[in-house]
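The values are calculated or read from the model by the stated rules, or taken from the named source; none is laboratory data. As the structure is a computational prediction, the values presented were derived from the model and not from experiment. Cβ atoms come from the backbone with ideal geometry, glycine included; neighbour counts cover every protein chain shown. Only protein heavy atoms, including side chains, enter the accessible area calculation; ligands, DNA and RNA are left aside. Shrake-Rupley method; radii C 1.70, N 1.55, O 1.52, S 1.80 Å.
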Amino acid sequence: MSKLKLATVWLDGCSGCHMSFLDMDERLLELAELVDVVYSPLVDAKEFPAGVDIALVEGAVSSADDEKKIRKVRAHSKMLVAMGDCAVTGNVPSMRNPIGPEAILNRAYMENASAQQQIPCVVVPKLLKVVRPVHELVTVDVFLPGCPPSAATFHTVLMALVNGEPLDIPALTRFGA
Amino acid sequence: MSDAVEVKTLIIDERPVSARRGQTILEVAREYGIHIPTLCHLDGLSDVGACRLCLVEIKGSSKLVPACVATVSEGMEVSTNTERLLKIRRTILELLFAERNHICSVCVASGHCELQSLAQELGLTHIRLPYRNPQLPVDASHERFTADHNRCILCTRCVRVCAEVEGAHVWDVMGRGIDCLIISDLHEDWGASTSCTSCGKCVEVCPTGALFNKSKIGSGHPKDPYFLPFLNQMRDAR
Ligand code: SF4
Ligand code: FES
């Protein structure tokens, strides 16, 4: 059997979900027998490839760049997993929604800056008006709440997805877990 | 009329059960170990039927009734757990999550929140409705407690415990519909309230992180509303 192609994507999240993924420790070896990690902040590939079987997406959709990425990920993946609360609910990144992006940029780059007060406008992507969970932009196949989901949750879920077994996610994790 | 207890016989989830006249469907179900999810109901407080999570089906009626306020009648056939009810309960929770800013990961009540655990119990893994992201106040003016309206689900437990048990009636509800807000006194800072006795009962009964004790920030915030029925019993005995 050829190995499944696994990708992991990092949008607006703290990387905690990826850390928790790595926390699978020696179970990663077991996983490596079953999947090839074809794209991830943890590997070298620069472009999201076509024909991905499972894409794990960390983070909310907060910038124009996140939006571009998530559409490509969706188009190139058979199964998209919203990984962690930011991807599932918007979570901490969405806490700026009630006040909007201008207020948050001003606080960070003007009010709190002692030198070089300026709002970055080159290289960094433009913030969207509203931070949204992944499923508000593209179809999500599996929702994995948790901040972050535990390594044990990752292991159970990935083994079930790879082996095509049934999954009872609410029995494993919840919002804020 | 005699004082003899009038017994009603009815069916809940295909089980024959007996009840006393005037008992609510919820009370009877619980006596028989039949679980109906609730949020605004709390043992020891009056019932207001605000959250609708306890809705049940009655045979022969297309109307759903809240089990916490509907009383039993002879021959009634109640279903508490149909697909239709589960769907409605999930949607109610989704509406609550979408209505205000419930960020579980940074909430003082995470791990001890009734909204969070009900979502898990009813199998919610995401909210299908768009989040409203309203801008809401946080009142930290009280020296010991905080009211964070981002987390309030308007169950009115705080209002009832303060009025019915503590007797102070500091809390009430202002506005209508989506603009409802729990207020202290006449919409004044909680810390400036002259009627608040700082007893903390509202904090203990609040099912979410909307009312919390400042000393418990960062330590997990278990709530302890279980003293209420005992307090009521002691009062009745006097
Ligand atoms: S503050 Fe808490 S107890 Fe009061 S209405 Fe809101 S959620 Fe209910
Ligand atoms: S518990 Fe019955 S309506 Fe809230």
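Looking at the range A:1-20, which of the residues that are of a type in the set (D, E, K, R) and assigned to a strand (DSSP E or B) is surrounded by the fewest Cβ atoms within 10 Å (Cβ to Cβ)? Per the stated criteria, the residue is A:K5. Considering the range B:6-68, the qualifying strands (runs of 3 or more DSSP E), each wholly inside and each with 2 or more residues that are in contact (Cβ under 8 Å) with a residue 40 or more places away in the chain, run over B:7-12.
Among the residues in the range A:111-124, are any away from every other protein chain (no Cβ under 13 Å), open to solvent by less than 40 Å² (accessible area, probe 1.4 Å) and modelled with pLDDT under 95? Yes; the residues of the range A:111-124 include at least one that is away from every other protein chain (no Cβ under 13 Å), open to solvent by less than 40 Å² (accessible area, probe 1.4 Å) and modelled with pLDDT under 95.
Which residue out of B:L64, B:L115, B:L93, B:L45 is within 18 Å of the chain's Cα centre (by Cα) and not assigned by TED's automatic domain parsing to the domain that holds B:V205?
Values: B:L64 fails: within 18 Å of the chain's Cα centre (by Cα); B:L115 fails: not assigned by TED's automatic domain parsing to the domain that holds B:V205; B:L93 fails: not assigned by TED's automatic domain parsing to the domain that holds B:V205.
The conditions single out B:L45.
When the range B:109-123 is filtered for residues that are at the interface with another protein chain (Cβ under 7 Å from one of its Cβ atoms) and not in a helix (DSSP H, G or I), the ones remaining, listed by number, are B:S110, B:G123. Could you list, in sequence order, the residues of the range A:137-153 that are in a helix (DSSP H, G or I) and in contact with a strand residue (DSSP E or B) (Cβ under 9 Å, 6 or more places away or on another chain)? If the condition is that a residue be in a helix (DSSP H, G or I) and in contact with a strand residue (DSSP E or B) (Cβ under 9 Å, 6 or more places away or on another chain), then A:T153 is the only one that fits. Out of B:G175, B:G167, B:G209, one residue alone is within 14 Å of chain A (Cβ to nearest Cβ), more than 16 Å from ligand 2 (Cβ to nearest atom) and at pLDDT 95 or above. It is B:G209. Scoring B:S62 on the criteria (1) within 16 Å of ligand 1 (Cβ to nearest atom); (2) among the hydroxyl-bearing types (S, T, Y); (3) open to solvent by 60 Å² or more (accessible area, probe 1.4 Å) leaves a single failure, condition (1).
In the range A:23-35, is there at least one residue being more than 24 Å from A:V124 (Cα to Cα), buried (at least 16 other Cβ atoms within 10 Å of the Cβ) and within 15 Å of the chain's Cα centre (by Cα)? No, that holds for no residue. Whether a residue is away from ligand 1 (no atom under 16 Å from the Cβ) and either open to solvent by 20 Å² or more (accessible area, probe 1.4 Å) or at positive phi (or both) was assessed, and B:R52 does not pass this test.
Residues of the range B:125-145 being open to solvent by less than 30 Å² (accessible area, probe 1.4 Å) and either within 7 Å of chain A (Cβ to nearest Cβ) or in a helix (DSSP H, G or I) (or both), which ones? B:T125, B:I127, B:P134 - these are the residues of the range B:125-145 that are open to solvent by less than 30 Å² (accessible area, probe 1.4 Å) and either within 7 Å of chain A (Cβ to nearest Cβ) or in a helix (DSSP H, G or I) (or both). Hey, among the residues in the range B:161-192 that are more than 11 Å from ligand 1 (Cβ to nearest atom) and assigned to a strand (DSSP E or B), which one's surrounded by the fewest Cβ atoms within 10 Å (Cβ to Cβ)? Going through the qualifying residues, I end up with B:M174. Within the range B:193-238, the residues that satisfy the criterion of being in a helix (DSSP H, G or I) and open to solvent by less than 70 Å² (accessible area, probe 1.4 Å) are B:K201, B:C202, B:V203, B:E204, B:V205, B:K214, B:K216, B:L228, B:P229, B:L231, B:N232.
Count of the range A:154-177 residues, restricted to those that are within 25 Å of B:Q116 (Cβ to Cβ) and either assigned to a loop (DSSP other than H, G, I, E, B) or of a type in the set (F, W, Y) (or both), is 10.
Against the list (1) within 16 Å of ligand 2 (Cβ to nearest atom); (2) more than 14 Å from chain A (Cβ to nearest Cβ), the condition B:S73 fails is (1).
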